[in-house]
Amino acid sequence: MEQEEGLTAVDNVVTQFNTYEDFLDSQITTVDLYYLEDEVLARQLVELGYRGTGEVVKREDFEARKAAIEIARLAERTQKKTLTSAGKDLQDNFLKALAVREEDNRNGKVSSVIFIRDRNSHGQEVSGYIDYAHRLKTEDFEVYFNGKRRLLPKPTDLSFYNWESHSAVWNSTPNYQVIASNPEGLLFKYKRDRKILNVDPKARPGDNSTRIPIQTELYIQAIIFDHISRRKT
């Protein structure tokens, strides 16, 4: 409790003053300056706790908290800049759906699994499940949101199936563990809260999960599963 109160005091000071010297000056009275006749000495006495009209805040605490706030601010600004869907004129419902989910998948609020069925560049019908958050971290989505390339499942995704060659592969990702032994079909266990995502259209998708079919001109079939983790961080 005392530690929390201490942090609150530091936060209050950090938000009010740009520099530690500004904070020290705010604690110095005209009487202090009259008797001490030295502003630097007056600041030192406030810093040591011998003078002052308010909270005693150490220089290292002030500067550490100030730096932490600045890092958080820059991280937030960088996060906004990394949204590759921002400012794009998106016409298709599928790309709009991806854009809506981009920020939440980047920051971990939502974990989306994308099912796509369509034909590849060789005319072969392929389908698979894509871990959207993982792809966002490992790939530049600019080409997809610009319409220069279509997002298609790869053999490195959660699952991939080629309907012509009948080759099937599946891979766990940093977010999901693939459970391929289920007789009813694939299951994906979200590693953060260990909840099961069931992609069987005849079954419920699972706790805190939704299944949303997307009407799109880009693919034969597209579905997005959204999972919201309830695990406290």
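Full extension of the chain between GLN16 and ASN93 gives 23.1 nm of extra length, using 0.36 nm per residue less the Cα-Cα distance.
Using only alpha carbons, segment 117-181 has a radius of gyration to Kirkwood radius ratio (Rg to Rh) of 0.98. Here the gap between GLU217 and ALA86, fully extended at 0.36 nm per residue and compared with their Cα-Cα distance, gives a gain of 45.0 nm. Comparing segment 164-206 with the 2.2 N^0.38 Å rule of thumb, its C-alpha radius of gyration ratio is 1.24 (two decimals). The candidates HIS227, HIS134, arranged from most to least accessible area with a 1.4 Å probe in the full protein assembly, appear as HIS134, HIS227. FRET efficiency for the pair GLU184 and GLU164, taken as 1/(1 + (r/R0)^6) with r the Cβ-Cβ distance and R0 = 30 Å, rounds to 0.75. Placing a pseudo-label 7 Å from each Cα along the Cα-to-Cβ vector at VAL100 and LYS154 gives an inter-label distance of 2.7 nm. With every protein chain in place and a 1.4 angstrom probe, the accessible-area ranking of ILE220, ILE214, ILE130, ILE196, largest first, reads ILE220, ILE196, ILE214, ILE130. Applying the criteria of a DSSP loop state and at most 11 other Cβ atoms within 10 Å to the GluC sites (Glu not before Pro) of segment 105-204 yields GLU184. Say R0 is 25 Å: what FRET efficiency, to the nearest 0.05, do ILE228 and GLU70 get from their beta-carbon distance? The formula returns an efficiency of 0.25 here. Annotation: extensible slack from ASP207 through ASN146 equals 18.6 nm (criterion: 0.36 nm per residue apart, minus Cα-Cα distance).
The values are calculated or read from the model by the stated rules, or taken from the named source; none is laboratory data. Note that the structure is predicted; figures quoted are calculated from it, not measured. Every residue, glycine as well, gets a Cβ built from its backbone with ideal geometry; the counts of neighbours run over all protein chains shown. The protein model used for the area step is the full one, side chains on, heavy atoms only, and it has no ligands, DNA or RNA in it. Shrake-Rupley method; radii C 1.70, N 1.55, O 1.52, S 1.80 Å.
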